[in-house]
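Peer 1: Before I ask anything, let me first share the structure, which is written out below as structure tokens.
Here, each number is a calculation from the coordinates, and none is a lab measurement. All figures in this text were calculated on a predicted structure; none of them were measured in a lab. Ideal geometry is used to build each Cβ from the backbone, glycine not excepted, and the neighbour counts take in all protein chains shown.
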Amino acid sequence: MRLVVETPNEMLSYSNDFLFGINMKLKDLEVFVVGNKPPFIGGKYFQFVKLTTKCGVIGYGECYAASVGPSTMTSVIKDVFERYLLDEDPRNIELMFRKVYSSGFSQRPDPTIIGAFSGMEIACWDIIGKSYDQPIYKLLGGQVNERLRSYSYLYPKDAEDPATFYSDPIASAAVAEKYVALGFTAVKFDPAGPYTIFDGHQPSMSDLERSERFCKEIRKAVGYKADLLFGTHGQFTTSGACRLARKIEPYDPLWFEEPIPPDNPEEMAKVAKSTKIPIATGERLTTKQEFSQVLKFGAANILQPALGRVGGIWEAKKIAVLAETYNASMAPHLYAGPLEWAANIHFGASIPNLLIIESIKTGEGFQRDLITKEILWEDGFIKPPEGPGLGIELNEVVAKSNPYKLDKLHLEMSEEMIMYNKENKFAGG
């Protein structure tokens, strides 16, 4: 059979397809560990990856996995790349995932290994989109949502003491009022005290009282113009979480986030059954296996995958499909840099059961400086980029100008036990 090419443009297209078929193999990896700027909103540093194919197509991604230090994590990323991605076609997402998931006879969720793959998987999708001159969401079943509802944590001002701010309901209520005036229709806050290596624990009376005051003051400030998103970080025992839920229930939060540690969905389901507040979870979970247990036991009906940890965009799509069968919603998590945010946006644009997407404020400041093109945030909503791939590029000049030189973790838990005779201060991770 003879192929007839009618126009020069068609000839170019067929030529490109042929070229991609021959040289669409992953050749190079570069890792950027970028130090965040004070007040370190989004973590102490960001870990970006850059993949390049033999035919010169570049893709960027971001890893949100930091159980080990950044230099060690860089070594893990390089090891995973060299074993399972080098010389592979970046379109073979499923095959590469299976290789990584099975690494070393594991075949179980591993936040470090899967986290390393997640960032590179995002970069592969960036390459695929650029190769076909399409935004990623167009290749995931097409665009479902033309704009995405967003929320942000309530953050202190740059010069403000975080420990004071995060303990002050009046200060948070004032920030909430400003955010709602910008257009946000949901705000998140986590006033229930520090997260510690000894969690879950029983909340102290001061933690319970502070949590109730935060809900009361923020609800008073924003009225019913915005949803309240009550954040915790798996701090509590099952009974302690139930006690806290009773305290905040009168203020009608949209969700109660990760009320107990994430390793026991059966116990989290008991909290879900005890309260009228929807339960949300997922920031620390990885792959569909862990999310399937959340759905199976009824532990939560709002799922919050972090795409730089969960397995990447394709794995998140599978989780969204599972969630549909349980009538559950998706609210992708973000406490990282702008490349994971961009991946979340493409994912969110492609699914029918999106509830809301997390932003770090409106994507301004250092988050904006790290990318070459602005992500459009307007009136509380995000417009998905229309350019190919992620639709943005990492600003490598800015990234290389801000290297992270320490070896601390992205987030760190307190090693002190909760006090029951005085107030517990929380200054972020």
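Peer 1: With N set to the residue count of the chain, report its C-alpha Rg divided by 2.2 N^0.38 Å to two decimal places.
Peer 2: Relative to the 2.2 N^0.38 Å estimate, the chain comes out at 0.99.
Peer 1: Using a 10 Å cut-off around each Cβ, can you sort Val310, Val144, Val80 from fewest to most neighbouring Cβ atoms?
Peer 2: If I rank by nearby Cβ atoms, fewest first, I get Val144, Val80, Val310.
Peer 1: Something else now. Output wanted: per-residue J couplings in Hz (rounded whole) for the range 295-311, from phi through Karplus 6.51 cos²θ - 1.76 cosθ + 1.60, θ = phi - 60°, x for Gly and Pro.
Peer 2: Once rounded to whole Hz, the list reads 5, 4, 8, x, 6, 7, 10, 10, 9, 10, x, 9, 5, x, 10, 6, x.
Peer 1: As a test of the definition: which semi-axes, in Å, follow for the range 138-387 when you take the square root of five times each eigenvalue of its alpha carbon gyration tensor? Largest first, please.
Peer 2: Calculated on Cα positions only, the semi-axes equal 27, 23, 15 Å.
Peer 1: Given a Förster distance of 30 Å, report the FRET efficiency between Tyr420 and Asp158 from their Cβ-Cβ distance, rounded to the nearest 0.05.
Peer 2: Rounded to the nearest 0.05, the efficiency is 0.35.
Peer 1: Put a dot 7 Å past each Cα toward the Cβ at Asn92 and Glu209; how far apart are the dots in nm?
Peer 2: My value for the distance between the label points is 6.3 nm.
Peer 1: Mind checking the dipole of the chain: about its Cα centre, +1 per Lys or Arg Cβ, -1 per Asp or Glu Cβ, Debye to the nearest 20?
Peer 2: Here the size comes out at about 440 debye.
Peer 1: Evaluate the charge dipole of the range 8-135 about its Cα centre and quote only its size in Debye, nearest 20, assuming +1 on the Cβ of each Lys and Arg and -1 on the Cβ of each Asp and Glu.
Peer 2: 400
Peer 1: Moving to a separate point now. Using the Cα centre of the chain as origin and beta-carbon charges of +1 (Lys, Arg) and -1 (Asp, Glu), tell me which of Ala320, Leu370, Leu140 is placed farthest towards the positive end of the dipole.
Peer 2: Most positive-ward Cα: Ala320.
Peer 1: How far apart, in nm, are the 7 Å Cα→Cβ label points at Lys383 and Ser292?
Peer 2: Reported label-point gap for Lys383 and Ser292 is 4.0 nm.
Peer 1: How big is the dipole moment of the range 138-387 about its Cα centre under a simple scheme where the beta carbon of each Lys and Arg is +1, that of each Asp and Glu is -1, and everything else is neutral? Debye, nearest 20, please.
Peer 2: 580
Peer 1: With a bin width of 5 angstrom, please list the P(r) values of the range 8-135 as percents of all Cα-Cα pairs, from the 0 bin to the one holding the largest distance.
Peer 2: The calculated distribution, bin by bin, is 2, 11, 20, 21, 17, 12, 8, 5, 3, 1, 0.
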